[in-house]
Amino acid sequence: MQQHVTPPPRRRMIVGISGATGNIYGLRLLEVLRRLDIETHLVMTKPGERTLAYETDLKVRDVRAMADFSYNDADIGAAIASGSFRTMGMVVAPCSVRSLAAIAAGNTDGLLTRAADVCLNERRRVVLMFRETPLHAGHIRAMAQATENGAIVFPPVPAWLVVTVPRDWRRKSRTGETADLCRRIGQGVFASKAGLVIPKVIVLDDDVDPTDVKELVWAFATRCHPLLGHAVFNDIEGAPLLAYLLKSEKVSGHTGKIVYNCLAPDEWGEALPMRASFRHGYPAEIVDRVRRRWNEYGVS
């Protein structure tokens with residue numbers, strides 16, 4: 001007798017993107033959840049849409065297409081606003097001060113905060129990637145209140161910042177040497193508000209994909225000179241959350257920071273050599289055709 005086994009329901013996750021800087025955290029989360037075959041329900045606030053335009057070249061419709069379902073923040077009647085809609089929980093990435101404070105206070109004036117409040121009511125996990133530094137007492141109280149409500153406040157502390165410069169940067173800047181450019185980039189980054197939590201900067205040419213870890217490692221291995229490929233900044237204000245800091249650095253709030261110069265040598269100019277690889281050594285249409293065949297044969 002043939003038995004019909006009902007497959008388990010697909011897991012669901014709510015993803016919120018607020019107006020804080022760091023849209024990339026939410027975008028990468030959507031990509032990872034899709035690879036894990038987890039159904040995603042996206043809600044993005046209006047400030048989040050504005051930040052997206054500042055930080056990326058993507059349109060709002062592009063981000064919505066990355067999720068299985070998406071909602072307007074004003075749609076408080078959406079499915080995710082009800083506790084009867086079962087999910088694994090919610091991640092707000094990034095989470096602004098306003099969103100954190102609203103969730104901490106139970107202020108459900110929009111769908112993002114309403115969905116988070118519902119998840120907390122149902123004792124589901126809520127992770128808030130709080131993007132703010134430095135903190136005043138009000139921020140700390142809101143973090144404590146959100147934690148007492150059951151949320152997990154998870155401030156992202158990036159290990160590094162990757163900066164990509166166009167190939168013709170020498171013609172657009174006032175310097176012609178990579179060392180000078182990297183020092184200027186470090187001065188700008190580490191003096192900024194966001195730079196407080198950034199200990200390392202990696203500077204790349206635009207022929208390297210900064211979102212591909214393999215490309216990043218390749219550039220670091222082949223273009224960063226062991227003696228000349230870095231600019232060190234001493235006694236710079238930094239976040240005490242970094243695990244490797246000395247006790248004295250955590251107390252003083254000051255540490256050293258560095259910029260890694262992974263740009264092509266000055267002697268090369270703008271004429272970068274072709275890489276000895278399959279992707280870079282053949283026309284794009286041939287690469288695509290071969291990769292399609294590989295997929296047909298089950299080779300990834």
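Could you rank the peptides 113-124, 264-275 by their average count of other C-beta atoms within 10 Å per residue, with the highest value first? Can you show the working numbers first?
Numbers: 113-124: 21.1, 264-275: 11.4.
Highest mean packing first, the order is 113-124, 264-275.
Do the alpha carbons of any pairs in K46/K172; K200/K247; K59/K200; K46/K257; K172/K193; K59/K250 sit beyond 31 Å of each other, and which pairs?
In this structure, K46/K172; K46/K257; K59/K250 lie more than 31 Å apart at Cα.
So how much slack lies between R184 and A65, counting 0.36 nm per residue of separation and subtracting their Cα-Cα distance, in nm? Walk me through the intermediate numbers first.
On the way: separation 119, 0.36 × 119 = 42.84 nm, distance 3.75 nm.
Full extension from R184 to A65 adds 39.1 nm.
Of all DSSP beta bridges in the chain, what percent run antiparallel (nearest 5)? Could the numbers behind the result be given before it?
Working: 6 of 36 bridges.
Just about 15 percent of them are antiparallel.
When a footprinting reagent is the concern and you count Cβ atoms within 10 Å, what order do D73, D212 take, fewest first? All intermediate terms of the calculation are to be shown ahead of the outcome.
Working: D73 23, D212 11.
Lowest count first: D212, D73.
Compare the peptides 163-170, 221-228, 15-22 by average per-residue count of other Cβ atoms within 10 angstrom and give them in order, highest first.
With the highest mean Cβ count within 10 Å placed first, the list reads 15-22, 163-170, 221-228.
Tell me, how many Å apart are the Cα centres for the range 121-155 and for the range 206-265?
29
About the Cα centre of the range 18-159, how large is the charge dipole given +1 on each Lys and Arg Cβ and -1 on each Asp and Glu Cβ? Please answer in debye to the nearest 20. Spell out each step's value before the answer.
Numbers: 16 positive and 15 negative charges, 25 e Å.
Its charge dipole is roughly 120 debye.
Mind checking the dipole of the range 161-266: about its Cα centre, +1 per Lys or Arg Cβ, -1 per Asp or Glu Cβ, Debye to the nearest 20?
Numbers: 14 positive and 13 negative charges, 62 e Å.
Here the range 161-266 has a charge dipole of around 300 debye.
Rounded to the nearest 0.05, what FRET efficiency is calculated for Y282 and R167 with R0 set to 25 Å and r the Cβ-Cβ distance?
On the way: r = 21 Å, r/R0 = 0.86.
For Y282 and R167, the calculated efficiency is 0.70.
Take the Cβ-Cβ distance between L227 and A105 as r, set R0 to 41 Å, and report the resulting FRET efficiency rounded to the nearest 0.05. Working shown, then result.
Numbers: r = 54 Å, r/R0 = 1.32.
Efficiency computed from Cβ-Cβ geometry: 0.15.
Calculated FRET efficiency, S248 and A271, Cβ-Cβ r, R0 35 Å, to nearest 0.05? Let's see the in-between values first.
Values: r = 47 Å, r/R0 = 1.35.
With a Förster radius of 35 Å, E is 0.15.
Rank-order 240-249, 50-59, 146-155, 92-101 by packing density, defined as the average count of other C-beta atoms within 10 Å over each peptide's residues, highest first. List each step's numbers first, then the result.
Values: 240-249: 11.1, 50-59: 13.5, 146-155: 16.6, 92-101: 24.8.
Result, highest mean first: 92-101, 146-155, 50-59, 240-249.
In the Gaussian network model of the chain, springs joining C-alpha atoms below 10 Å, which of H280, H139, H254 carries the largest mean-square fluctuation?
Maximum among the listed residues: H280.
Values quoted throughout were computed directly from the atomic coordinates according to the rules given, and no laboratory measurement underlies them. Everything quoted here is computed from the prediction, not taken from an experiment. Here Cβ is always computed from backbone atoms with ideal geometry, including for glycine, and neighbour counts include all displayed protein chains.
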